Each structure stands twice: as C-alpha cells, then as structure tokens.
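The structure is given below, and queries will be raised subsequently.
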Amino acid sequence: MSSPDSYQPRQFNLSGLKGISDQTLEMHFKLYEGYVKETNNLTNRITDFIKDGNVDQEEMPAYSEITRRLGFEYNGMVLHEYYFDNLQTGGGTGDPAKTSEFVKAAETTFGNYDIWKADFVGIGKMRGVGWAICYQNPANGRLSNHWITLHETGNVAGFNPILVMDVWEHAFLLDYKPAERPKYIEAFFSNINWTAVEDRLKKLTGVQSARA
Ligand SMILES: [Fe+2]
C-alpha cells in the first residue's frame, strides 16, 4: 500500500531528439517509472519494519538489505529526472553560449570550456555502468566532474548536479552498438538544454548571495 506522500513519476515532454530515438526515450521513461515505484515500495517496507518502534533481530537481515537498496532506487529516480530535464525536445544547440554562466564557471575551474568538456566526455567513456555528472560545490561555486557507479556510488554529498548524462547501455542500445558509446555522447551533447543547465547554476548563485 502506498502512503499519500509517495513519489509520483514525472512526465517529460521529450521527442525528436537528435540521434536518440523516441523508442529509446519511451523505454527509458518506463525504466525511470520502475525506480519511482521501487523507491516507494522500499520506503513503505521500511515503514512497516519500524512502526512498532524497534527493528527486531530476526528482521535485521531483510531490513538491512532493503535499506541498502534504497540508495540505488532513490538515486535511480532522481538522476533520471535530472537527465531528462537537461535534454531538450527537438534537440539543443550544441555547446552553450560563450557568455553563459556555465561557460564562465567552467573557465574558473578548468581554464576553459573545452578542457571541461574533455573531462566530462572522458568520464562518459569510462568502462562500466553508471553516469557522468558535472556538479557544483555550493560552498565555492566550483565545478567538478564525477563518475557515478550504478546510481549511488560516487555522488558527492551536498554537491548540486548541474549536467547529468546517463551512460548505462539502456540509454543508447536501441540506437547504437555497445562499443559506440562515443556516438551516443556526441548525440547527448547535441540535445542538451543549456537553459535548464543555466537555471541550475543561477539557483545556486541566488542561494550564495542570500547567504552573503
Ligand atoms: Fe537510465
């Protein structure tokens, strides 16, 4: 049974991407919905375990396993939302405007946008199943790129995702061969919604100035 405040899958208006088919997106939305469902399911099961105010010894193995899986399902849900939100229906414009806050932030941390991109793309090509994510440290505004294994290993506590790229094979297998991940990464870049990326940075800038 779901609690009233369970997560609901979000709807994303994405179609006509360049090099990422609608068929891939449909399949990907279904997978995302699975993460939302499992997040709710595990949360409800944990609620059941703790409602008597105690985790009994005989409950501990099942309780532990479910709790460990929570980070996988939660991050699977949240990272897919970031990913779909930073894509743009009909395709994007390629690289961001040179005057954008994102390019400025990349220059501050990496020297220039191309070096930032080389790092992000390099991470995306790493062998394994996971994500390439550009984070911003809200304490100093600096960007850093990270490899996330599965959904939950490698996220930096308190850092804010600015650009999120799914490099699980399900993100591109209907459109490319497993060894063609670089082509998918190229397609991903041609579909980035840089306005959404910019808004994530601006929100952070607002938080920082409010603190100052
Ligand atoms: Fe995915």
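The values are calculated or read from the model by the stated rules, or taken from the named source; none is laboratory data. In this text the structure is predicted, and so the values were computed from the model without any measurement. Methodologically, a virtual Cβ is constructed for each residue, glycine included, from the backbone with ideal geometry; neighbour enumeration extends over all protein chains shown. Accessible surface areas use protein heavy atoms only, side chains included; no ligands, DNA or RNA. Shrake-Rupley method; radii C 1.70, N 1.55, O 1.52, S 1.80 Å.
Just need a number here: residues in segment 14-33 that are in a helix (DSSP H, G or I), in contact (Cβ under 8 Å) with a residue 40 or more places away in the chain and surrounded by fewer than 14 Cβ atoms within 10 Å (Cβ to Cβ).
So the answer is 1.
Within segment 153-166, can one find any residue that is surrounded by 14 or more Cβ atoms within 10 Å (Cβ to Cβ), within 14 Å of the ligand (Cβ to nearest atom), among the aliphatic types (A, V, I, L, M) and within 24 Å of Thr108 (Cα to Cα)?
The answer is yes; a qualifying residue exists.
So Gly92 clears everything in (1) farther than 17 Å from Ile185 by Cβ; (2) touching a helix residue (DSSP H, G or I) at 6+ places or on another chain (Cβ under 7 Å) except one condition, right? Which one?
Failed condition: (1).
What are the residues in segment 34-52 that are part of a helix (DSSP H, G or I), open to solvent by 60 Å² or more (accessible area, probe 1.4 Å) and among the charged types (D, E, K, R), if any?
Of everything in segment 34-52, those that are part of a helix (DSSP H, G or I), open to solvent by 60 Å² or more (accessible area, probe 1.4 Å) and among the charged types (D, E, K, R) turn out to be Lys37, Arg45, Asp48.
Give me the pairs, please: first residue somewhere in segment 68-95 and within 20 Å of Leu42 (Cβ to Cβ) and at pLDDT 95 or above, second residue anywhere and open to solvent by 10 Å² or more (accessible area, probe 1.4 Å) and away from the ligand (no atom under 16 Å from the Cβ), beta-carbon distance under 7 Å, and either six or more positions apart or on two chains.
From segment 68-95, the pairs are Met77/Tyr7.
Which count do you get for residues in segment 127-151 that are in contact (Cβ under 8 Å) with a residue 40 or more places away in the chain and more than 13 Å from Leu79 (Cβ to Cβ)?
3
Which ones in segment 139-152 are small (Gly, Ala, Ser) and either open to solvent by less than 50 Å² (accessible area, probe 1.4 Å) or under 11 Å from the mean Cα position of the chain (by Cα) (or both)?
Those that are small (Gly, Ala, Ser) and either open to solvent by less than 50 Å² (accessible area, probe 1.4 Å) or under 11 Å from the mean Cα position of the chain (by Cα) (or both): Gly141, Ser144.
Could you check segment 58-96 and list, in sequence order, the residues that are closer than 22 Å to Ala196 by Cα, within 13 Å of the ligand (Cβ to nearest atom) and open to solvent by 40 Å² or more (accessible area, probe 1.4 Å)?
Those that are closer than 22 Å to Ala196 by Cα, within 13 Å of the ligand (Cβ to nearest atom) and open to solvent by 40 Å² or more (accessible area, probe 1.4 Å): Asn75, Val78, Tyr82.
Testing Val55 on (1) open to solvent by 30 Å² or more (accessible area, probe 1.4 Å); (2) part of a helix (DSSP H, G or I), one condition comes back false. Which one is that?
Val55 satisfies every listed condition except (2).
What residue, of Lys183, Lys177, is charged (D, E, K, R), more than 16 Å from the ligand (Cβ to nearest atom) and in contact (Cβ under 8 Å) with a residue 60 or more places away in the chain?
The unique qualifying residue is Lys183.
Now for a separate question. With respect to the numbered conditions (1) in contact with a Leu (Cβ under 8 Å, 6 or more places away or on another chain); (2) away from the ligand (no atom under 16 Å from the Cβ); (3) open to solvent by 70 Å² or more (accessible area, probe 1.4 Å), which one is the sole condition not fulfilled by Ala105?
(3) is the only condition that Ala105 fails.
With (1) open to solvent by 40 Å² or more (accessible area, probe 1.4 Å); (2) under 25 Å from Lys18 (Cβ atoms); (3) touching a Gly at 6+ places or on another chain (Cβ under 9 Å) as the list, and Trp131 as the residue in question, which single condition is left unmet?
Failing condition for Trp131: (1).
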